[in-house]
Protein chains: 2
Amino acid sequence: MEIHVLRLGHRLPRDERITTHVALVARAFGADEITYAGQKDGSFEDSVKRITENWGGKFPVSYSKSPVSTIKKYKKEGCTVIHLTMYGIPVPEAESKIKSGNKEKILIVVGAERVPMEIYELADFNIAVTNQPHSEVAALAITLDRLQKGKELKRNFNEKFRGKLKIRPNKKGKTVEKS
Amino acid sequence: MEIHVLRLGHRLPRDERITTHVALVARAFGADEITYAGQKDGSFEDSVKRITENWGGKFPVSYSKSPVSTIKKYKKEGCTVIHLTMYGIPVPEAESKIKSGNKEKILIVVGAERVPMEIYELADFNIAVTNQPHSEVAALAITLDRLQKGKELKRNFNEKFRGKLKIRPNKKGKTVEKS
């Protein structure tokens, strides 16, 4: 399974840290790349690149001027489009309907303040992680967890990412190795 | 099971939105209340109160001047203290060790930039949701999900919260009822 994430409507300075959290969750939870739309933000791109350089793996960040065109392009390629919205179908109901085989390609669209209705229409699934207001960061984490059936949390992260920085899990402190 | 959340080291303006997301995730994912430490922030408290007024349920927000004393108080009451940190034991390994029966009381400590070593020592479990850098918002969501075995996502939220605003799940649009 290949998973891409599209973050809509990035606004500065408001979304500076939230969009970074969205990107880092995507990377840590096994998504393959992220595209963002809204305001172009070199500092956001640099943060994600710096983390990827230190902690390893490949995690491209790209910018889209037109997220609707980006979604249409993914749909043409046969990709399943999931839009995360509190107005959608509860995730436990939706997850059984989404094919998540090895060959599947999934685009997860992460909204912002106001998402155009066109995106609700284009999405194959409008999914709600609780129908309550909370956080796109949490909604993305839970969706990535459900799509991968919890496997992404059982990985050996040091083997997967082969970063310069590696954590050895510790019951009571911090153990970081640098290479 | 009763779950409280303690958010450490809130800093303004940096953590303004992240701490709000932490609080809203706690509420939506079934935690009972939140305490925060760091800078006192009336605007954060008001945001959470406003959301709770509109979307229902009870979700007290309180401030702690000394998070270490707060944790010690919880421990005296027999509460299990879970500290979320990327340096800890992987969540799939830890979750089987944490009792999560009906009578259990759990405090989840959500870190900030630098967490004093004393908190690692005080915690019954230092838990990592991936040993990679990402987001305390996502770590909290996954931990609440695992502790409740996914049940919190299957709730009827309108029955649970009885808010003035209610969402009716919709495949392709937004359906909000106001009462």
Worksheet item: Checking B:Glu177 against (1) without any contact (Cβ under 8 Å) to a residue 24 or more places away in the chain; (2) facing chain A (nearest Cβ under 10 Å); (3) among the acidic types (Asp, Glu), which test does it fail?
Response: (2)
Worksheet, complete the sentence: Within region B:138-152, of all residues that are at the interface with chain A (Cβ under 7 Å from one of its Cβ atoms) and either among the acidic types (Asp, Glu) or in contact (Cβ under 8 Å) with a residue 60 or more places away in the chain (or both), the one farthest from B:Pro92 (Cα to Cα) is B:Ala141
Discussion item. Go through (1) within 10 Å of chain A (Cβ to nearest Cβ); (2) among the charged types (D, E, K, R); (3) within 24 Å of B:Lys154 (Cβ to Cβ) for B:Lys99 and report which single condition fails.
Written reply: (1)
Worksheet entry | For B:Arg7: the one exception among (1) surrounded by fewer than 18 Cβ atoms within 10 Å (Cβ to Cβ); (2) basic (Lys, Arg); (3) more than 9 Å from chain A (Cβ to nearest Cβ); (4) within 22 Å of B:Ser135 (Cα to Cα) | (1)
Response to the item:
Note on region A:48-103: residues at pLDDT 95 or above and polar (S, T, N, Q) are A:Thr52, A:Asn54, A:Ser62, A:Ser64, A:Ser66, A:Ser69, A:Thr70, A:Thr80, A:Thr85
Discussion item. Yes or no: region B:55-68 includes at least one residue that is surrounded by 14 or more Cβ atoms within 10 Å (Cβ to Cβ), closer than 25 Å to A:Leu140 by Cβ and within 14 Å of the chain's Cα centre (by Cα).
Written reply: yes
Practice prompt. Go through region B:141-179 residue by residue and tally those that are crowded, with 20+ Cβ neighbours inside 10 Å and among the small types (Gly, Ala, Ser).
Written response: 2
Fill in: The lone exception for A:Pro67 - which of (1) within 14 Å of chain B (Cβ to nearest Cβ); (2) in contact with a helix residue (DSSP H, G or I) (Cβ under 8 Å, 6 or more places away or on another chain) it fails
(1)
Worksheet entry | Condition check for B:Ala123: over 20 Å from B:Ala23 (Cβ atoms), within 7 Å of chain A (Cβ to nearest Cβ), small (Gly, Ala, Ser) and touching a strand residue (DSSP E or B) at 6+ places or on another chain (Cβ under 6 Å) | no
Item to complete: Restricting attention to region A:44-80, report how many residues are without any contact (Cβ under 8 Å) to a residue 24 or more places away in the chain, under 27 Å from A:Glu95 (Cα atoms) and acidic (Asp, Glu).
Response: 0
Worksheet, complete the sentence: Of the residues in region A:15-46 that are over 20 Å from A:Thr143 (Cα atoms) and out of contact with any Asp or Glu (no Cβ under 9 Å at 6 or more places or on another chain), the one that is surrounded by the fewest Cβ atoms within 10 Å (Cβ to Cβ) is A:Gly42
Item to complete: Output the number of residues of region A:12-43 satisfying the condition of being more than 11 Å from chain B (Cβ to nearest Cβ) and either without any contact (Cβ under 8 Å) to a residue 24 or more places away in the chain or over 13 Å from the mean Cα position of the chain (by Cα) (or both).
Response: 8
Item to complete: Filter region A:62-89 for residues that are touching a Pro at 6+ places or on another chain (Cβ under 9 Å) and more than 26 Å from A:Ser47 (Cα to Cα) and give the result.
Response: A:Met86, A:Tyr87, A:Gly88, A:Ile89
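The values are calculated or read from the model by the stated rules, or taken from the named source; none is laboratory data. No experiment lies behind these values; they were computed from the predicted model shown. Reconstructed Cβ throughout: ideal geometry from the backbone, glycine too, with neighbour counts over all protein chains shown.
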